[in-house]
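Everything on this sheet refers to the single structure shown next.
The values are calculated or read from the model by the stated rules, or taken from the named source; none is laboratory data. Computed from a predicted structure; not experimentally measured. Methodologically, a virtual Cβ is constructed for each residue, glycine included, from the backbone with ideal geometry; neighbour enumeration extends over all protein chains shown. In case anyone asks, the SASA skips ligands and DNA or RNA and just uses the protein heavy atoms, side chains included. Shrake-Rupley method; radii C 1.70, N 1.55, O 1.52, S 1.80 Å.
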Amino acid sequence: MNITSVLHVGATGLVGRDVLARLLADPRATRVVAPTRRPLAVAHPKLVNPVVDFDTLPATADWWKVDAVICTLGTTLRQAGSREAFRRVDHAYPLQVARHAQAAGARVYALNSAAGADQRSRVFYSRVKGELERDLEALGFESLVLVRPGLIGGEREEHRTGEAAASVVLRVLGPVLPRRWRISPATRIAAALVDATLAPHPGRHVIGADSLAD
């Protein structure tokens with residue numbers, strides 16, 4: 001598959017910022033569409049930045065016409081404020097983006113999911129992630145990439161107390177922990193998403209936390 005145009009949702013998050021920078025710097029990507037709620041503070045000749053409301057995405061906009069999608073949308077239960085709001089951001093939005101882009105011709109979808117994603121999990125967070133993976137697979141993309149990081153390492157714009165504390169513990173224990181339990185640096189997650197998208201292989205592929213760890 002020849003992938004030259006990529007739609008990237010979630011460009012303002014920790015992993016998303018790095019994904020966007022890599023796409024803009026990579027000569028294989030000649031057009032990058034990054035829909036956001038507010039205009040990006042980034043200008044680049046190949047960047048298209050439609051300002052959107054994810055609750056009312058325009059299904060027939062021309063900018064949906066891309067070869068591939070990278071999704072790094074995501075929140076936390078605390079940030080979302082409710083399970084319903086969390087499911088909307090982490091399931092409904094990514095799935096709607098997938099449907100619109102696929103209808104316009106996209107053949108590849110790469111998702112930043114999570115370690116432990118499982119539609120049968122008793123943990124709400126993991127269950128929602130697993131349900132999204134299931135529903136994306138049902139759409140039948142030529143290439144579907146599921147990146148499942150552990151705790152994501154990097155400098156966030158917003159402070160997450162629980163993640164910060166866990167990060168400190170994991171960094172101390174990192175050398176003696178199995179790789180799948182170690183921190184997954186945002187830069188490695190972004191690199192995995194971009195590489196898998198611009199050089200895709202047919203079928204469903206999972207990139208686990210063990211291959212993303214420090």
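Taking amide hydrogens as modeled 1.01 Å from N in the peptide plane, which residues meet the under 5 Å criterion relative to Val69, leaving out close sequence neighbours?
Residues meeting the amide H criterion: Leu7, Val108, Tyr109, Ala110.
Helix 161-173 against the longest principal axis of the chain: what's the angle in degrees, Cα atoms only, rounded to the nearest 10?
The angle comes out at about 60 degrees.
Work out the FRET efficiency for Arg120 and Gln96 from their Cβ-Cβ distance, taking R0 = 25 Å, and round it to the nearest 0.05.
Once the sixth-power term is evaluated, E becomes 0.60.
How large is the accessible surface per residue of the chain, computed with a 1.4 Å probe and reported in Å² as a whole number?
That works out to 48 Å² per residue.
In debye, nearest 20, what is the charge dipole magnitude of the chain about its Cα centre with +1 on Lys and Arg Cβ and -1 on Asp and Glu Cβ, if you could check?
Dipole magnitude for the chain comes out near 300 debye.
Give me the angle, in degrees from 0 to 90, between the Cα long axis of helix 186-198 and the longest principal axis of the Cα atoms of the chain, rounded to the nearest 10.
40
Be a star and scan the stretch 79-96 for residues whose amide nitrogen sits under 19 Å from the point 7 Å along the Cα-to-Cβ vector of Arg38.
Once the point is set 7 Å along Cα→Cβ of Arg38, 79-81 turn out to lie under 19 Å by backbone N, inside the stretch 79-96.
I need the calculated FRET efficiency for the pair Asn2 and Asp53, taking r as the beta carbon distance and R₀ as 35 Å, to the nearest 0.05.
Computed FRET efficiency for Asn2 and Asp53: 0.60.
What is the extension gain from Thr30 to Thr75, computed as 0.36 nm multiplied by their sequence separation minus the C-alpha to C-alpha distance, in nm to one decimal?
13.3 nm
For the chain, which whole-number percentage of the solvent-accessible area (1.4 Å probe, protein heavy atoms only) is attributable to carbon and sulfur atoms?
Of all accessible area on the chain, carbon and sulfur atoms account for 53 percent.
Please name which of Ala92, Ser126, Ala59 has its Cα lying farthest along the dipole of the chain towards the positive end, using unit charges on Cβ (Lys, Arg +1; Asp, Glu -1) and the Cα centre as origin.
The one lying farthest along the dipole's positive direction is Ser126.
Multiplying the sequence separation of Asp195 and Glu137 by 0.36 nm and subtracting their Cα-Cα distance, what value in nm do you get?
18.9 nm
Tell me which residues come under 5 Å, amide H to amide H, from Ile183 once H is placed; ignore anything under 5 positions away on its chain.
Close amide H contacts, sequence-distant or interchain: Asp214.
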